[in-house]
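The values are calculated or read from the model by the stated rules, or taken from the named source; none is laboratory data. Nothing here was measured: the structure is a model prediction, and the numbers come from that model. Using ideal geometry, Cβ is built from the backbone for each residue, glycine included, and neighbour counts are taken over all protein chains shown. Note: areas computed on protein heavy atoms with side chains; ligands, DNA, RNA excluded. Shrake-Rupley method; radii C 1.70, N 1.55, O 1.52, S 1.80 Å.
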Amino acid sequence: MKKIMITGALGQIGSELVNKMRTVYGNENVIATDIRDNGSDVTQNGPFEIVDVTDAKAMFDTAKKYQVDTMIHLAALLSATAEAKPLLAWNLNMGGLVNALEVARELNTQFFTPSSIGAFGPTTPKDQTPQDTIQRPTTMYGVNKVAGELLCDYYYQKFGVDTRGLRFPGLISYVTPPGGGTTDYAVEIYYEAIKNKTYTSYINKGTYMDMMYMPDALNAIIDLMEADASQLKHRNSFNVTAMSFEPDEIAAEIKKHIPEFTMNYDVDPVRQKIADSWPNSIDASSAIEEWGFKAEYDLSKMTVDMLEKLKLKVNA
Ligand code: AKB
């Protein structure tokens with residue numbers, strides 16, 4: 001049985017991944033860590049420790065205390081926040097990553113950290129972006145993600161650490177809202193559709209970005225970590241995606257269930273510039289071929305589930 005430590009466990013991915021992994025590997029075998037304790041189920045139904053990822057010793061001591069054999073490093077600032085605070089983003093995103101990789105090297109653990117479609121830039125081919133292609137991002141977040149992918153590959157090649165990663169698109173979930181991302185509009189729109197039947201998008205119409213529903217993202221992490229290493233030609237990181245849409249398309253899908261829903265635009269130039277530098281759609285064929293990646297949810301299936309679950313949450 002695996003013994004897994006997760007950093008950033010109270011964030012958008014972490015808060016759901018901890019619970020999913022606890023059902024798969026057992027509550028006691030998933031050690032959730034974050035910079036604060038919010039009293040949620042993640043902190044209550046299994047081991048939880050306060051760890052600041054910029055504190056290398058605290059991270060190492062916690063991993064050693066629980067004798068973990070897998071590190072899942074999620075703590076990071078997302079694209080829009082990183083653009084507003086680039087030095088903080090460099091220190092947290094890169095400092096946290098190298099500390100986590102050092103834990104993995106010293107304790108000989110498996111290692112996962114997410115990359116992103118943000119690892120691509122304006123000179124990357126825009127449609128069906130290949131797995132191996134030009135990566136010259138123009139954002140601090142993108143610089144962190146490319147450097148992170150290279151660093152993870154370096155730890156594999158130099159030290160034999162079993163590092164694996166996914167280039168996530170925008171992740172959509174009804175559990176924990178994202179914070180400070182460029183793709184967050186695709187989550188906010190569902191909350192606003194239910195609460196106010198209208199949404200003002202900060203991303204302009206016609207702007208296509210890849211997206212994925214959280215259950216598919218969680219399965220992708222577990223499937224990649226369980227994959228036979230001998231089948232992996234790539235490691236850091238695999239393109240994965242479930243759908244690509246622009247704001248009018250998600251609005252039209254919501255309208256099928258809430259006919260009075262209306263959509264307005266008030267474009268935020270900072271986040272629009274980031275979105276414009278990212279692909280319209282990415283090609284996930286390496287992930288499909290090397291470890292059997294698949295996504296269950298398209299835009300229509302995700303919308304049905306999001307609206308159903310969020311109605312219960314918002315009305316509770
Ligand atoms: C963001 O928008 O910053 C993230 C991402 C695509 O990495 N959701």
Fill in the blank from the handout: Here the percent of antiparallel bridges among DSSP beta bridges lying wholly in the chain, to the nearest 5, is 10
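Take the solvent-accessible surface of the protein heavy atoms, probe 1.4 Å, and return the percent of it on region 23-97 that carbon and sulfur atoms account for. Mind dumping the intermediate values first?
On the way: 1940 of 3590 Å².
About 54 percent, which is the carbon plus sulfur part of the accessible surface.
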Problem - Computed helical MRE - 222 nm, the chain, DSSP H runs ≥ 4 contributing -39500 (n - 2.57), nearest 500 - result: -12500 deg cm²/dmol
Practice task
Note down the nm distance, to one decimal, between modelled labels 7 Å out along Cα→Cβ at K255 and at E188.
Solution key: 2.1
Exercise for the section: Percent of Cα-Cα pairs per 10 Å bin, from 0 to the last occupied bin, for the chain, please list those. Expected result: 6, 28, 36, 23, 6, 0
Fill in the blank from the handout: Quick tally, 1.4 Å probe accessible area for E188, E149, sorted with the most first, runs E188, E149
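Take the alpha carbon gyration tensor of region 266-316, find the square roots of its eigenvalues, order them as a ≥ b ≥ c, and report rounded if a/c is under 1.5; if not, report prolate when a/b exceeds b/c, else oblate. Display every interim value, and only then the final one.
Values: a/c = 3.37, a/b = 1.11, b/c = 3.04.
Oblate, because a/c is 1.5 or more while a/b does not exceed b/c.
May I ask you to give the solvent-accessible area per residue for region 189-288, in square angstrom, as obtained with a 1.4 angstrom probe? Mind showing how you got there, number by number?
On the way: 3900 Å² over 100 residues.
Accessible surface, normalised per residue, equals 39 Å².
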Exercise for the section: Give the distance, in whole Å, between the Cα centre of region 73-129 and the Cα centre of region 13-33. Expected result: 21
Practice task
Return one whole number: the accessible area per residue of region 1-112 in Å², for a 1.4 Å probe.
Solution key: 42
Practice task
From largest accessible area down, sort F60, F159; use a 1.4 Å probe on the protein chains.
Solution key: F159, F60
